[in-house]
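Note sheet for the following structure.
Computed from the coordinates by the stated procedures, all read-outs in this text should not be read as laboratory data. Small disclaimer: the values here were computed from a predicted structure and weren't measured. Cβ placement follows ideal geometry from the backbone for every residue including glycine, while neighbour counts extend to all protein chains displayed.
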Amino acid sequence: MAEVTIDSTLQEDRLFPPSTEFSQQAQIKSLTEYEQLYARAKADPQKFWAELAETELHWFQKWDTVLDWQPPFAQWFVNGKINIAHNCLDRHLTTWRRNKAALIWEGEPGDSRTFTYAQLHREVCQFANVLKQLGVQKGDVVGIYMPMIPEAAIAMLACARIGAPHTVVFGGFSAEALRDRLNDGKAKLVITADGGWRKDAIVPLKEQVDKALADAPTVKDVLVVQRTAQKIHMEAGRDHWWHDIRQGVSADCPAEPMDSEDMLFILYTSGSTGKPKGVVHTTAGYNLYSHVTTKWIFDLKDTDVYWCTADVGWITGHSYIVYGPLSNGATTLMYEGAPRSSNPGCFWDVIEKYGVNIFYTAPTAIRAFMRMGEHEPNARNLSSLRLLGTVGEPINPEAWMWYHRIIGGERCPIVDTWWQTETGGVMITPLPGAIATKPGSATLPFPGILAEVVDLEGNPVPENEGGYLAIKHPWPGMMRTVYGDPDRFRRTYWEHIPPHEGQFTYFAGDGARKDRDGYFWVMGRVDDVISVAGHRLGTMEIESALVSHPAVAEAAVVGKPDEIKGEEVVAFVTLDTSFSPSPELSAELKKHVVQEIGALARPGEIRFSEALPKTRSGKIMRRLLRSLAAGEEVTGDTSTLEDRSVLDKLREGA
Ligand code: PRX
């Protein structure tokens, strides 16, 4: 990796403190309280986490060492015995929460189901016994390839209950992607459904499983949940309907006491190069970190209905639909559907129907809603909302303000949460009752997280200068290794920045700056940084400038090789429906970027496009845009692309 300086150009001075009413009722009530917590955690991280582990979780047996740190390999709560499914379910059954709604589910066609803690526990235990009956043992890897139905969460918890690490593969992935992940994890069994509903159509999940299994020899059995009831192939001896096999199976299944460091799950994430990495998370540290972050960041109250719109196939679904909320005894809402032309306002319907109080979604969704206009949310009663969150990418101030005004009614704090599959839980975020927000900033590190912006020697860079986002001390939720490839773990995350003052440094792969208040501004992946005339520009900042123009709905900016300047900025732009492409508009947008950022960032080219190539999780695939901008063939893996026709249209338009 070459040494870079990253020029940061985004200027955003608006400050939104939480209201007194919000702060007074919050888990963490003031900046002073946050600062005290942060200082205490920094002074003695092990003591800080051990105290929380003691008060927040149930243990079958206490640990004897809080942290064993053999850089870059950490073990937390060594020799402790614990079970995350027990913490998510059983321990609530002896309290008044026994009959509280644990999981509220809304299907895309409008069907719905609610499980109390007692009911969810029963389902999970029975599911776990079926897995055992099929020969799944502690340590066996189980693949989960499911739509967003309750059984997805039930399957995860059932695996955790018997100590079988799960590897959830997002239902939008292709058969090839599924096959590779099952083979890498040597999965013994796959849990799937006949299909799932997405945008008024059936996703043929079982068909994909059948294709994948043609070349996945370790998988011996497939458990199939009936969701859509369309006709599917059932392979005799291998495939079992969940509703048949569960008949007469006991719902008594004690949770297996797991070692703190036993593997809880593998979740694959793509790097900029090479095959996907199997990110390994273990039991106790992940349980603690997802639990505490959920509690403080979402300011959970027992009366809240909490909704995270992510898919369980991503880390956000793992930590903030399933494990974090349930460990806290919360009511977590799960929605199968996605905004679609037959019902663009479906999210707002769900909020109104269930009186959702906390809503956590992605910037890409917010920008899509902005594009559709205010009338959809305005036509619903969203007054139950008290807290909003975002995750997954930097949010441009324009979208932040829209979210604040139109969805939050100017009364809800917004937690812009920075984290990664690798970190297990949120790392940089406002604590909503304590930290005033600035649109576009993830604000301050969570207590116990020693985040810094550094150069390639590991030295902190001066205020407002761009650098690399790095973490200086291990934390309980950190990934433990890349499955089957500890060397890759070391190389990818721990060798870019050398140990500094004796401390090993985790390199997150993101560029960031810190402002004079110590707020972090994440500028995106460093491999998304564009170098123009020796200056490095964060793509997000140019995109943000473009989106601040009334004609622009969404923008993605990439660098194109340029003989003189190193790279030239090429902007792919989706217009608001009331505007159409023209050379005049192109010139105006270029001028607008110059006005907002400076001549340096002036796009050499603007390409209008009806849509941008995105992954199913909504991340713009800049790698593809880079190839298009450079006039090269698009090569490499495109299996994660949501809509392949977007690429063809972009090519034709070139
Ligand atoms: O670049 C950062 C961006 O998403 C990356 C992590 O992606 P993934 O592992 O798929 O996890 C997504 C859900 C946690 C980060 O390296 N990212 C995530 N959240 C933010 C963000 N960038 C800026 N602001 C955020 N709030």
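Residues Val573, Val594, ranked from the fewest to the most other C-beta atoms within 10 Å, line up as Val594, Val573. Compared with the dominant Cα axis of the chain, that is its longest principal axis, helix 150-162 is turned about 60°. Of the residues Lys514, Lys211, the one with the fewest other Cβ atoms within 10 Å heads the list, and the complete ranking is Lys211, Lys514. The order of the peptides 608-620, 227-239, 328-340 by mean Cβ neighbours within 10 Å, most packed first, is 328-340, 608-620, 227-239. For the residue pairs Lys231/Lys301; Lys132/Lys211; Lys138/Lys619; Lys81/Lys277, the alpha carbons lie more than 32 Å apart in Lys231/Lys301; Lys138/Lys619. Each of Glu495, Glu452 has some number of other Cβ atoms within 10 Å of its Cβ, and from fewest to most they run Glu495, Glu452. Counting Lys and Arg as +1 and Asp and Glu as -1 over every other residue whose Cβ lies under 12 Å from the Cβ of Gln75, the net charge comes to -4.
Measuring from each cysteine beta-carbon in the chain, the ones with no other cysteine beta-carbon under 4.7 angstrom are Cys88, Cys159, Cys308, Cys346, Cys412. Ranked by the mean number of other Cβ atoms within 10 Å of their residues, highest first, the peptides 537-544, 184-191 come out as 537-544, 184-191.
Going by the alpha-carbon gyration tensor, a ≥ b ≥ c the square roots of its eigenvalues, is the chain rounded (a/c under 1.5) or, if a/c is not under 1.5, prolate (a/b greater than b/c) versus oblate? Note, shape of the chain comes out rounded. Counting only DSSP beta bridges with both residues in the chain, the antiparallel share comes to about 60 percent.
Using a cutoff of 8 angstrom between alpha carbon atoms and counting only pairs six or more residues apart, the relative contact order for the chain works out to 14 percent. Measure nothing fancy, just the Cα-based angle from helix 283-297's long axis to the longest principal axis of the chain, in degrees from 0 to 90, nearest 10. Tilt relative to the chain: about 60 degrees. Helix-only arithmetic for the chain: the sum of -39500 (n - 2.57) across DSSP H runs with n ≥ 4, divided by the residue total, places the mean residue ellipticity at 222 nm at -8000 deg cm²/dmol. Just to confirm my numbers, what's the Cα centroid distance between the stretch 310-384 and the stretch 240-297 in Å? Result: 23 Å between the Cα centres.
A simple count of charges around Ile191, restricted to other residues whose Cβ falls under 10 Å of its Cβ and scoring Lys, Arg +1 and Asp, Glu -1, yields -2.
Does the stretch 467-518 come out rounded, prolate or oblate, given a ≥ b ≥ c as the square roots of the eigenvalues of its C-alpha gyration tensor, rounded meaning a/c under 1.5 and, failing that, prolate meaning a/b above b/c?
Verdict is prolate for the stretch 467-518.
Angle of helix 31-43 to the longest C-alpha principal axis of the chain, folded into 0 to 90 degrees and rounded to 10: 70°. Assuming a ≥ b ≥ c are the square roots of the Cα gyration tensor eigenvalues, decide whether the stretch 291-400 counts as rounded (a/c under 1.5), prolate (otherwise, with a/b larger than b/c) or oblate. Verdict is prolate for the stretch 291-400. With contacts taken as Cα pairs under 8 Å and at least 6 residues apart, the stretch 355-487 reaches a relative contact order of 18 percent.
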